[in-house]
Structures are given as C-alpha cells and as structure tokens.
Amino acid sequence: MSKHAGQFGMSLQSSDINTLLATFASDLGMIFKAGCLSVRTKLPMGLGITLVAIPRSSPDGVVFSIPFDQIRGDKTGGMASMLAGGLWGLIRPFIEKRIKKELTARRIPEETVTLSQSTEGKIKVGQITLHLRPLNAWLIRQPPAQGFKVNVDSIWATEEHLNVILDIFHDVYG
Amino acid sequence: MSLPTSAGTSKIELDSKLLNSLLAIFVNKPNGLQVQLGESGNLQVQQGDLQVGVDPFLISQALKVHLRNGNLGPFTVQLNQLQMGAQGLTISLNLLT
C-alpha cells in the first residue's frame, strides 16, 4: 500500500535545463529557449529541420504546439515553412515513430502521448499531448525506488523556467 | 505547492508534509531522536529531555557542492539560498559545468 508522503517541486532555469539536455539527451538536438523547446533534427530523406514546440498546461496534461510557420529547413530555409503544411505529413510519422520507440522501450502505454493537428489563431500547428493519467498509472505500477513512488501533479513552462510538481508516495507494509 | 522563481535560479522545494514524512522515515527513531517541522515553520528537535527549536530561517550564502558521479557528469551545484518555513524547505541552486 502506498501512502502520500507529500509534494516535491522543481523549477529549472533555462540554462540548467540546457545543461541537463546537453549532458543526458544530446542526441535529441533539443534546447529550451524563451519558454519553448527548439528541436533540430534530420528527417529520413536527409532534410535537416528545426522546429519549435510551445508547451502549455491542460487539465489532462501538457500540450506541445508546433507552429508550421516556424519550421525551418537547413537547405530550404523559409521554403520549409512554406512547405510545412505538406511537410507535417512527413514529420508526423517520424515523430510518432520516435515517440513510440521511447515509450515501447520503457513499456509506457502508447496512449500516454498522442499527436494531432489543429489551428491556433490562424496558424496551423501540430500538437503533441502528454497525458498525465496513463503516465501516472504507469508510474505507480513501477517498482519503488528506495521505497518511494512518484506521480506527476503538474508541468508548466514560463519564459525562463520549466516547472514540475511531483506527488511522492511511500510504500507502507503491513 | 507554489514555486516562486527568480531569474537565473533553479529551485527545488519539499513541502512540509514531504519534509516530515522524510524525517519520520529516515531520521526519527522510536524512543530516540525526534525531528519535526511544526505548523509555524519551527523545526523541533527532541532527544529525551532535551528539546531544541529552530526558527524559520533564510540562508543566502553561495555554497558550491561538487557532484562527482559517472552517471551524473562532472556537475557542480551552486547553492544560492536555503529557506525553511511553514511551507517546507526551498533550495535555490544553479548547475555549473
């Protein structure tokens, strides 16, 4: 049986986030800047692209919006953004495959992350949603570390910080 | 839990419930040392007949802690501020490489 032990909060400043990303996830080509994640990656056809993922909290979790007009190509420059509507068709399965690989490796349910397309204002965006309910159900099924388990209460970003609040549970025996 | 932030600083925060849970699990011993954060933010320490109270505090003194672990990388953590009060314990820090 697990007992709620309290909450643990982290507020990571952008330079610290980038230090951690560069150390532990350099292959993702990701940096945190002005409250957004900038991702530089290469599509299977060889086109290098840079896209911006803007996070926002939702009651269900965190939604990352990827505005098509801010997608940039190494060779095509602005053309990539003009083509972005069409490119999303190529980018989406690439992202889906990458996310599925990461989820499968950790046996995290696929419904934890979903992709969709929407319009925000007049801008077309791709959306990646991290759903906390299935993530927390998975987290609570994991073996405890030093007798502790965690759930994610909330995640949100500001211009300079990424904030995470975790609920901590302690296994009580007997 | 609120996480007030100031520019250029990261924070970790243990709320009072978590702090007391950790003290109960790792520090407090039956018929021995008892440490507890009170509702007013006072840290109460008791060992037998000896009782010590620590008022809420704010320490603003840069302190560098070197983390040397192969998995963590050669980070240095600079502690900028420690604050204990009714809300729990807040540590302001920066990662240096």
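Some notes on this structure:
- One quarter of the convex hull surface built on the alpha carbon atoms of segment B:10-96 amounts to 6.8 nm², the projected area averaged over directions.
- Subset of A:LYS33/A:LYS97; A:LYS33/B:LYS17; A:LYS149/B:LYS29; A:LYS3/A:LYS33; A:LYS97/B:LYS11; A:LYS33/A:LYS101 violating a 31 Å alpha-carbon distance limit: A:LYS33/B:LYS17; A:LYS3/A:LYS33; A:LYS97/B:LYS11
- Farthest toward the positive end of the dipole of segment B:10-96, out of B:SER92, B:LEU37, B:LEU14, is the Cα of B:SER92, where the dipole comes from beta carbon charges about the Cα centre.
- Residues within the reach of a label modelled at B:LYS29 (point 7 angstrom out along Cα to beta-carbon, backbone nitrogen below 13 Å), restricted to segment B:46-66, are B:47-48.
- Peptide B:18-26 shows a mean partner chain C-beta count of 4 within 10 Å per residue C-beta.
- Straight-distance candidates among the aspartates and glutamates for linking to B:LYS64, with alpha-carbon spacing under 19 Å and chain neighbours fewer than 8 residues away dropped: A:ASP16, B:GLU13.
- Ordered by the count of other Cβ atoms within 10 Å of each Cβ, fewest first, A:ASP171, A:ASP27 give A:ASP27, A:ASP171.
- Note on B:ILE91 and A:ASP69: with the Förster distance fixed at 41 Å, the Cβ-Cβ geometry gives a FRET efficiency of about 0.50.
- Each stretch of four or more DSSP H residues adds -39500 (n - 2.57); spread over every residue of chain B, this sum gives -2000 deg cm²/dmol at 222 nm.
- Chain A: DSSP helices with Cα axial extent of at least 18 Å and average Kyte-Doolittle hydropathy no lower than 0.0: A:78-105
- Placing R0 at 35 angstrom, the Cβ-Cβ distance between A:LEU28 and A:SER58 gives a FRET efficiency of 0.95 after rounding to 0.05.
- For segment B:7-39, backbone nitrogen atoms closer than 19 Å to the point 7 Å from A:ILE140 Cα along Cα-to-C-beta are found at B:18.
- Ellipticity estimate at 222 nm from DSSP helix runs (n ≥ 4, -39,500 (n - 2.57)) divided over chain A, nearest 500: -9500 deg cm²/dmol
- Over segment A:2-171, the Kirkwood radius and the radius of gyration, each from Cα atoms, give a ratio Rg/Rh of 0.99.
Read the figures in this text as sums done on the coordinates, not as results from a lab. Note that this is a predicted model, so its numbers are computed, not measured. With ideal geometry, Cβ positions are generated from the backbone for all residues, glycine too; neighbour counts draw on all protein chains shown.
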